[in-house]
Amino acid sequence: MILAPVILGVVVLVLWQLAVVGFAIKPYVLPSPTAIGDQFVRAFGTIWSGTRVTGFNALVGLLLGAVLGILFAIVSALVRVFDEVTLPVVTALAVVPIVALAPVLYTMFGAGAETGRQLIAALAVFIPVYVNTLRGLRQVRPVHRDLMRAYAASSWQATRTVTLPGAIPFLFTGLRIASSLAVISALIAEYFGGPVAGLGKSITSAAAYSNYALAYAFVLGSIALGLVFYLLTLALEKFATRHSPA
Amino acid sequence: MSDAVTVSAASKIFPLARGQQVVALEVIDLTVAPGEFVSLIGPSGCGKSTLLRLIADLDQPTTGSIEVFGKTARQARIDQDYGIAFQQAGLLPWRTVTGNIELPLELHGVGKAARRARAAELLALVGLSDFADRYPDQLSGGMQQRVAIARSLAESPELLLMDEPFGALDEMTRERMQNELVRLCAETGAAVVFVTHSIPEAVFLSDRVVVMSPRPGRIREIVPVGLGSAGNRDDGLREASGFFAAVRAVREALHGVPAAEVREAETRRGVETLRGVETQ
């Protein structure tokens, strides 16, 4: 099951290498995999520290955005008025190119702090977590609703035994989407200023010095970071929804 | 002792758009004695499920009243005087079989040890002790329904309300579940109001069969089934001549014409269906 994709990956790498060498493609168009691999190994220390910085920002953003998203979704599900009042705001937030807020946030929190990047990641995480969790809280099967009424359960009892557990799969769908967005947003926010550390900064400076293989090596690092986030949330989701209907 | 269920001139009207309305039930009068098994049968749209929901206080009648054990339906619901089973088993997928059976006990403040004991007892009753720690997605449809029925018995109610609980099952499982249900009712002595589409099922299980007709929903006839008490009903009953006579009586009541004409009509149509039967 794992073998086929791995073989495909190896084949792609080999073809890529052959193409670069065979067609004498210039590095600024596309570096060869061996060159990238070479740079990756040499710059590993920088890549690792950059990954830690970007990864930490993404993690803070993920946690903050997820907690806020869940809380807001619970309030919106309980209080119709709140939901209607906040709907335009949430819609606006969902469509704003959040990284465009980066320069504003850097000015607010100072260019030396990582806070701006964490807030951007948090915002990118908030939207999918909020929307999906709210949807999950709103869908209760009619037979379960009837069952709770037949048991004369209080609203809190019904929420605790039926609504909340039923919303878990939806929450995790939102989290799975959000975890990748957290990494991407934290990284792209680095393009717009702020402290020097971070994979995004490293990518742009490597490209600025025309060391494209090195830039791709940093990109490889960011792919690995994104994958780690995605796989962790996926594992958490599989565990939490193992007995839910498909 | 007051009747288990007393329905007095109850009707249910659902408003639609543009001032239209659907008369789901029109002036229903029905009593169910304690310990009696009553089936509601009829074509689609005759209001049998609606009537069950009114008794369960899942809906309120537009006019008339429903009393359960001498109280209002609402009070009976709050006092948890009945157990209920739906056509979809309605098990919570994130809870084990035991967790599902314990649900009503948990909601009503029964202690952990007592809950465990009761759930084990009920699982033995429905023959699923080996599946106590499984999850609903690991069970077949028939097994899920058995869990739902065990759950409906959790608080030993004196009244059971069941809305086509065997509807989604195959014939063999259905007959087996019917056998188990009469056995349970004999043991617990509960009154039952049972909604079904199946004539043989209604006759096998019931003391009386309430035949309903649609548009508007009302009781056409109540057919007494004189086949003995619940404790005496077993597989052999399905072959008895008294059983077939009762089935014929219910079928006549459903079709509204004597049996001979019905058979002629059936031969012409070639296949008998319960739905879409034209009333005379």
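The values are calculated or read from the model by the stated rules, or taken from the named source; none is laboratory data. Because the structure is a prediction, the values reported are computed rather than measured. We place every Cβ from the backbone using ideal geometry, glycine too, and count neighbours over all the protein chains shown.
Scanning segment A:1-40 for residues that are in contact (Cβ under 8 Å) with a residue 40 or more places away in the chain and either touching a strand residue (DSSP E or B) at 6+ places or on another chain (Cβ under 9 Å) or not small (Gly, Ala, Ser) (or both) returns A:Pro27, A:Tyr28, A:Pro31, A:Ile36, A:Asp38, A:Gln39, A:Phe40.
The single condition among (1) crowded, with 21+ Cβ neighbours inside 10 Å; (2) within 13 Å of chain B (Cβ to nearest Cβ) that A:Leu199 does not meet is (2). Scanning segment A:98-153 for residues that are aromatic (Phe, Trp, Tyr) and within 24 Å of A:Thr233 (Cα to Cα) gives A:Phe126, A:Tyr130. Residue count for segment B:135-151 satisfying the condition of being more than 10 Å from chain A (Cβ to nearest Cβ) and closer than 16 Å to B:Leu122 by Cβ: 8.
Mind listing just one residue for me: the one in segment B:99-115 that is exposed (fewer than 15 other Cβ atoms within 10 Å of the Cβ) and assigned to a helix (DSSP H, G or I) and, of those, nearest to the other protein chains (Cβ to nearest Cβ)? Checking each candidate, the answer is B:Lys112. Here A:Ala152 meets each of (1) surrounded by 19 or more Cβ atoms within 10 Å (Cβ to Cβ); (2) at the interface with chain B (Cβ under 9 Å from one of its Cβ atoms); (3) small (Gly, Ala, Ser); (4) more than 29 Å from A:Leu123 (Cα to Cα) with one exception, condition (1).
On inspection, A:Ser205 does not qualify as within 19 Å of A:Leu64 (Cα to Cα), away from every other protein chain (no Cβ under 14 Å) and either outside any loop (DSSP other than H, G, I, E, B) or over 20 Å from the mean Cα position of the chain (by Cα) (or both).
Given segment A:70-148, what helices (runs of 4 or more DSSP H) lie entirely inside it while holding 2 or more residues that are exposed (fewer than 15 other Cβ atoms within 10 Å of the Cβ) and of a type outside the set (Val, Ile, Thr)?
It comes to A:80-95.
Of all residues in segment B:59-98, those that are assigned to a strand (DSSP E or B), among the acidic types (Asp, Glu) and either at positive phi or within 13 Å of another protein chain (Cβ to nearest Cβ) (or both) total 0.
Free of Cβ contacts under 8 Å to residues at least 24 places away in the same chain and more than 11 Å from chain A (Cβ to nearest Cβ): which single residue out of B:Ala132, B:Ala168, B:Ala120 fits that description? Just a single option satisfies the conditions, and that option is B:Ala120.
Exactly one residue out of B:Thr96, B:Thr63 is more than 18 Å from the chain's Cα centre (by Cα), outside the structural domain of B:Val247 (by TED's automatic domain parsing) and hydroxyl-bearing (Ser, Thr, Tyr): that is B:Thr96.
Among the residues of segment B:31-48, none qualifies, meaning not one is within 14 Å of chain A (Cβ to nearest Cβ) and in contact with a strand residue (DSSP E or B) (Cβ under 6 Å, 6 or more places away or on another chain).
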